[in-house]
Amino acid sequence: MNTKLLKQKILDLAIRGKLSQQFKSDGTAADLLKEICDRTQEKTSLRAKRGNPSPQTIIPLDKNEAPFEVPANWEWVRIGDIFNLQAGKNIAAGLISSTCEDGYYPCFGGNGLRGFVSCFNREGDYPLIGRQGALCGNINRATGKFYATEHAVVVETNSMMNVSLACFFLTQLNLNQYASSTAQPGLSVAKINEVPIPLPPLAEQQRIVAKIEEAFAEIDAIEKNKDLLKTHIKQTRQKILDLAIHGKLVPQNKSDEPASILLERITRDNPHYEKLTDIPFEIPESWEWVNAEDLFNIRSAIRIHQTDWQKEGIPFFRGRELVQLCKTGNVDFEIYISEKLYEENKRKGGVPQKNDILVSAVGTLGFAYVVKGNKPFYYKDAYILCFENRHNLNPFYFQHLIHSKFINKIIYGGSKGTTVDQLTIENAKKLPMPLPPLAEQKRIVNKIEEIFASLDEISLHLV
């Protein structure tokens, strides 16, 4: 459920008069316009005595000019007819603090709250329209004492207008569409004044606001629950991985060849193999603890100089592309190398093969990707480590293992002491890994993918 779109739908119904019921006892917006004019006339009597012209009667828009149909007792007017718009005043950027200290007041600019200042130029309850910047036309609300800069337009309402309704309707009008199309978009007060806006009777304004606030409260509760559910889903994924690497996600099968025999085959030609004795946690009897170097040949790529980068050819992975691929399943390449250079490095054994595991090793650490085919690509040295899978182990089990909180904590714990987090080859070699029987590795992967698919389906409905 897209709660942002749902709120927009609520405001769309409200501004069209379809969110609340109309009553004859409310009177009409034409009556309201007359009251507004009369009150304005009283306030400007001094101006009239000095020879200044009296305010003119507000003339509603003709139905043919109206952007859409509204109830019969509503009126279409222009923003400048019912609101008094005034831009704020400039204030030096050096006077704006990022923290709210005693005696400081909120300072609003074109994109909303800019910070806090030691003086104020407005007091009350006002909608604010951003008139400069990428977010010009955005609506904020300021109450109490505050400072409005020259990039914020203060919208003065009156006792015949509901401030909350003004904020909602101005938001739904999408004033950004009237901004000048320049490098620095902007809205003039004169242009805003001419924008049409529908006007309901005052009593209905209050009912509309109550309906909107009630609906928004329910939507906010949904959004809060969505965020909570997203957190639970993330935690559930880690719990599943934790159960998997402890041997508790799927049952053990006595007919499986134990990991000890698998490990014996892998290490029989390795004179440097030593049984791991420092056990991080208990695992099933048919499993074995090993270091990553006992299972994989861990290496970085043959270095590619930046002078060999080009705009087409063989795709070139850096850490950022690998992380993007792991997170989204897609990748946008910015750098390529020549096919000739790729073939040279391939002959030297520097090209990942199917079922090898690539692991991000600089900056954002521990994102693992399984090479699934023979489509050529290359990767940046040091930024990515290749776990060469030469013993036909299940690469997806080890991908999930590397993504587990257990391994992630070890990776980041061993990366300190440099300005940028880095997983070195030596540290990667010493990563402790619980090794299940080969058949159980497959069962674990199948179960993880089954559960993760269900969690993904739930997540799709939380967008």
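The values are calculated or read from the model by the stated rules, or taken from the named source; none is laboratory data. Computed from a predicted structure; not experimentally measured. Quick reminder, even Gly has a Cβ in these numbers, built from the backbone with ideal geometry, and neighbours come from all protein chains shown.
What to note about this one:
- Residue that is of a type in the set (D, E, K, R), outside any helix (DSSP H, G or I) and either modelled with pLDDT under 95 or closer than 22 Å to Ser404 by Cβ (or both), where the choices are Lys248, Lys230: Lys248
- Residues (of a type in the set (A, V, I, L, M) and touching a residue at least 12 places away in the same chain (Cβ under 8 Å)) located in the stretch 211-238: Ile212, Ala215, Ile219, Ile222, Leu229, Ile233
- Residues that are part of a loop (DSSP other than H, G, I, E, B) and surrounded by fewer than 20 Cβ atoms within 10 Å (Cβ to Cβ), drawn from the stretch 179-216: Ser180, Ser181, Thr182, Ala183, Gln184, Pro185, Ser188, Glu194, Val195
- Pairs meeting the criteria (first residue in the stretch 317-339 and farther than 15 Å from Leu385 by Cβ, second residue in a helix (DSSP H, G or I) and among the polar types (S, T, N, Q), beta carbons under 8 Å, at least 6 apart or on different chains) are Asn330/Gln324; Val331/Gln324; Asp332/Gln324.
- Annotation: of all residues in the stretch 413-438 being of a type in the set (A, V, I, L, M), surrounded by 15 or more Cβ atoms within 10 Å (Cβ to Cβ) and in a loop (DSSP other than H, G, I, E, B), the one that is modelled with the highest pLDDT is Leu431.
- Pair list, Cβ under 7 Å, 6 or more apart: the stretch 99-126 residue under 22 Å from Val155 (Cβ atoms) and at pLDDT below 95, other residue among the aromatic types (Phe, Trp, Tyr) and outside any loop (DSSP other than H, G, I, E, B): Arg114/Phe108
- In the stretch 146-161, the residues that are in a loop (DSSP other than H, G, I, E, B) and farther than 29 Å from Leu32 by Cα: Thr149, Glu150, His151
- Restricting the stretch 283-311 to residues that are in a loop (DSSP other than H, G, I, E, B) and of a type in the set (Gly, Ala, Ser), the residue that is farthest from Asn389 (Cα to Cα) is Ser286.
- Only residues that are surrounded by 17 or more Cβ atoms within 10 Å (Cβ to Cβ) and either assigned to a loop (DSSP other than H, G, I, E, B) or among the aromatic types (Phe, Trp, Tyr) (or both) were counted across the stretch 312-332, and they come to 5.
- Restricting the stretch 342-373 to residues that are on the phi > 0 side of the Ramachandran plot and more than 23 Å from the chain's Cα centre (by Cα), the residue that is surrounded by the fewest Cβ atoms within 10 Å (Cβ to Cβ): Gly349
- Residue match in the stretch 129-145 (condition: assigned to a strand (DSSP E or B), surrounded by 14 or more Cβ atoms within 10 Å (Cβ to Cβ) and of a type in the set (Ser, Thr, Tyr)): no
- Some residue of the stretch 36-53 being modelled with pLDDT of 90 or more and part of a helix (DSSP H, G or I): no
- A single member of Leu241, Leu263 is touching a residue at least 24 places away in the same chain (Cβ under 8 Å), part of a helix (DSSP H, G or I), touching a helix residue (DSSP H, G or I) at 6+ places or on another chain (Cβ under 8 Å) and in the same structural domain as Ile407 (by TED's automatic domain parsing), and it is Leu263.
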